[in-house]
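The values are calculated or read from the model by the stated rules, or taken from the named source; none is laboratory data. Bear in mind that the values here come from a model prediction, so they are computed numbers and not experimental data. Quick reminder, even Gly has a Cβ in these numbers, built from the backbone with ideal geometry, and neighbours come from all protein chains shown.
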Amino acid sequence: MTGLNSNDADIYNVLGMERPRKSPGLLVLLAGLITTAAALLGVWVVGKVSDGEVNLLGFFLFFIFPVSAVAVGMVAASGYALVSWLRGIRVGIPMLVAIGTLTTGAYFAAQYIEYRAFDPVYEDGTPVSFWTYFDLLTRNYTFSIGRHSTGTPEPLGAWGYGLRALEVLGFGGGGIGALLILRAKSYCDDCQVYMARRTVGIIPAALPVRRIRKKDVEGQAAYQAENAARAAAAQAAVDQIRQHAAAGDGAALRRTLAPFPVRVKSALKLPMFLEVAMHRCPRCSVGKIEVRKVERGPKNEVRRTTLAALPLTGDAVAAFLDTDPAALTADTMAGA
Ligand SMILES: [Zn+2]
């Protein structure tokens, strides 16, 4: 046997055969259940070691956002995400629902296991039922602010259920969140693998922030005009990218991006720039070019908006990648 041995997937491309659908499969579920068990074990161990002082699931931001439960949920579901990614399995909505349910179920299973291990009994020796135990625990939730709480914290009573609900929601939601990250990745339906993504251009769309005195009206106007010119130039580049992508001209795309190399780090500090990325299927080379607007707010907060995601044929992607970027790169962006 020679030829088509190393990569069985290529057989389908070569023969033009329909590729069988990949199903989520046992491996994904198994990996997810293992990481879920590991995450819940971690929560239990920390609780045990700290004598119940530290509940890894119980850190809330502004009293209502169960940040730590979300984080632990993400760790718990990481096995589902990892194997889905490695095996090139597209995470569909039914899969998300199943994983959310499994993760939430695992939370209660862990509570039950803890109950069985603790095996609480009344004074006369009759066992305390699971729900009585769960209810007691929930009503005795307390809130402490910071590391040193003052006085004895009051049990929350019925409000404890609110916290419990947020904890469970955060945990299950975190699990789904881990998979949503994967869902955002580009996927080649034909080959059933995730595409690789590479940033291929950074286009400045604004001037660096410059302090100009209010009285300097001329200076202000000049700055604004220059800024507008920058934005217009960036827009022109996007228009060209759209045209070349529609025409399937990879070499022309490369030429358009030549003045905007990725390695000019100063562009990344601008209040606004465009990030151009190439997505490519590792098997059949089909891909897409994506343009995202990146804006930096006054508090350095970053907002990304997708302006375009344009499909490209395998040939266009290959032409783009084969064009020697070194020959085309002109460092016109120096000092941007
Ligand atoms: Zn493909």
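Of all the residues that make up the stretch 187-215, how many are surrounded by fewer than 12 Cβ atoms within 10 Å (Cβ to Cβ) and of a type in the set (Asp, Glu)?
Total meeting the criteria: 1.
Restricting the stretch 179-200 to residues that are assigned to a strand (DSSP E or B) and of a type in the set (A, V, I, L, M), which is farthest from the chain's Cα centre (by Cα)?
From the stretch 179-200, those assigned to a strand (DSSP E or B) are 187-188, 193-194, 196-200; that's our starting set.
From what's left, of a type in the set (A, V, I, L, M): 193, 196, 200.
Working: Val193: 18, Ala196: 15, Val200: 20 Å.
Per the criteria, the residue is Val200.
Somewhere in the stretch 239-257, is a residue loosely packed, with under 13 Cβ neighbours inside 10 Å, more than 25 Å from Thr313 (Cα to Cα) and not assigned by TED's automatic domain parsing to the domain that holds Leu86?
Within the stretch 239-257, none of the residues are loosely packed, with under 13 Cβ neighbours inside 10 Å, more than 25 Å from Thr313 (Cα to Cα) and not assigned by TED's automatic domain parsing to the domain that holds Leu86.
Report whether or not Tyr223 is among the hydroxyl-bearing types (Ser, Thr, Tyr) and under 18 Å from Gly32 (Cβ atoms).
On the way: among the hydroxyl-bearing types (Ser, Thr, Tyr): yes; under 18 Å from Gly32 (Cβ atoms): no.
So Tyr223 fails the test.
Suppose we keep only residues that are of a type in the set (Gly, Ala, Ser) and surrounded by fewer than 24 Cβ atoms within 10 Å (Cβ to Cβ) within the stretch 62-78. Which one would you say is farthest from the chain's Cα centre (by Cα)?
Among those residues, the one meeting the criterion is Ser68.
When you look at Arg254, is it touching a residue at least 12 places away in the same chain (Cβ under 8 Å) and out of contact with any strand residue (DSSP E or B) (no Cβ under 7 Å at 6 or more places or on another chain), yes or no? Reasoning before the result, please.
Numbers: touching a residue at least 12 places away in the same chain (Cβ under 8 Å): yes; out of contact with any strand residue (DSSP E or B) (no Cβ under 7 Å at 6 or more places or on another chain): yes.
Judged against the criteria, Arg254 is a match.
Here's the yes/no breakdown for (1) part of a loop (DSSP other than H, G, I, E, B); (2) at pLDDT 70 or above; (3) surrounded by 13 or more Cβ atoms within 10 Å (Cβ to Cβ); (4) assigned by TED's automatic domain parsing to the domain that holds Phe108:
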{"position": "Asp10", "(1), (2), (3), (4)": "no, no, yes, no"}
{"position": "Leu27", "(1), (2), (3), (4)": "no, yes, yes, yes"}
{"position": "Ala37", "(1), (2), (3), (4)": "no, yes, yes, yes"}
{"position": "Gly47", "(1), (2), (3), (4)": "no, yes, yes, yes"}
{"position": "Gly58", "(1), (2), (3), (4)": "yes, no, yes, yes"}
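Just one of (1) among the basic types (Lys, Arg); (2) without any contact (Cβ under 8 Å) to a residue 40 or more places away in the chain; (3) within 16 Å of the ligand (Cβ to nearest atom) trips up Arg197, so point out which.
With (1) among the basic types (Lys, Arg); (2) without any contact (Cβ under 8 Å) to a residue 40 or more places away in the chain; (3) within 16 Å of the ligand (Cβ to nearest atom) applied to Arg197, the lone miss is (2).
Scan the stretch 250-301 for residues that are assigned to a loop (DSSP other than H, G, I, E, B), of a type in the set (D, E, K, R) and within 16 Å of the ligand (Cβ to nearest atom) and jot them down. Reasoning before the result, please.
Narrowing the stretch 250-301 to residues assigned to a loop (DSSP other than H, G, I, E, B): 258-264, 270-271, 281-286, 297-301.
After this cut, where a residue has to be of a type in the set (D, E, K, R) as well, the list is 263, 283, 299, 301.
Arg283, the sole residue that qualifies.
For Gly3, are the conditions met, namely being out of contact with any Pro (no Cβ under 7 Å at 6 or more places or on another chain) and at pLDDT below 75?
On the way: out of contact with any Pro (no Cβ under 7 Å at 6 or more places or on another chain): yes; at pLDDT below 75: yes.
The answer is yes for Gly3.
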